[in-house]
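The values are calculated or read from the model by the stated rules, or taken from the named source; none is laboratory data. All of these numbers come straight from a predicted model, not from anything done at the bench. So basically every Cβ, Gly included, is an ideal-geometry build from the backbone, and we count neighbours across all protein chains shown.
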Amino acid sequence: MAKAIKKDDSTTHVALDQKDIAILKLLQHNARITVKEISDKVNLSTTPVYERIKWMEETGVIKQYATLVDPAKLNKRLMVIVYVSLMQHNKTAGSRFVKAIRDMTEVLECYSISGQFDFMLKIVVEDMDAYYNFHVNRLSEMENIGNVQSVFVMGAVKETHMII
């Protein structure tokens, strides 16, 4: 089993061996796979597999287990990438924006970015009317919003959560 290697005060790099990587690949493909099924596939007994998974959870390699949902099945057919720039660029203003975005269920992802814009949002809603309502009545009404640019996703070429 790999050991955590301290790189600096803010980040910890975790070195994984081939068995850890094999376990992670199986879990990323199907988080509901049993320890027994994993142990059969990676040629380890169940106890070391369980211990490796537990260790990866404790070190933060495995952040969480999730269910991936098809948005279209829930009538969420419109995905929009939204670029946002703020008028003020100070810690307080940025923190207020981030806190507000975290409370908006339409926002699936939010990234702080460099360049012309400050943030990139991934929005999923039912349709154009729902996005219009979100844009006009929620996002644009937030204080400190400078510029908003919306890009409508026409189709997904690749979507994955597989890191390794």
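Observations
- Subset of region 119-164 that is among the acidic types (Asp, Glu) and under 28 Å from ALA66 (Cα atoms) - its residue that is surrounded by the fewest Cβ atoms within 10 Å (Cβ to Cβ): GLU159
- Criterion violated by GLU57 - all others in (1) exposed (fewer than 12 other Cβ atoms within 10 Å of the Cβ); (2) at pLDDT 95 or above; (3) part of a helix (DSSP H, G or I) satisfied: (1)
Conditions (1) part of a helix (DSSP H, G or I); (2) more than 30 Å from HIS29 (Cα to Cα); (3) aromatic (Phe, Trp, Tyr), marked per residue:
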site: PHE97; (1), (2), (3): yes, yes, yes
site: ALA100; (1), (2), (3): yes, yes, no
site: SER114; (1), (2), (3): no, yes, no
site: HIS135; (1), (2), (3): yes, yes, no
site: ASN147; (1), (2), (3): no, yes, no
site: VAL157; (1), (2), (3): no, no, no
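- Answer residue from region 103-118, given it is of a type in the set (D, E, K, R) and surrounded by 10 or more Cβ atoms within 10 Å (Cβ to Cβ) and is nearest to LEU74 (Cα to Cα) among those: GLU106
- Filtering TYR65, TYR83 for residues that are in a loop (DSSP other than H, G, I, E, B) and either in the same structural domain as SER114 (by TED's automatic domain parsing) or not basic (Lys, Arg) (or both) leaves a single hit, TYR65.
- Qualifying residue in region 24-37 (condition: among the small types (Gly, Ala, Ser) and without any contact (Cβ under 8 Å) to a residue 24 or more places away in the chain): no
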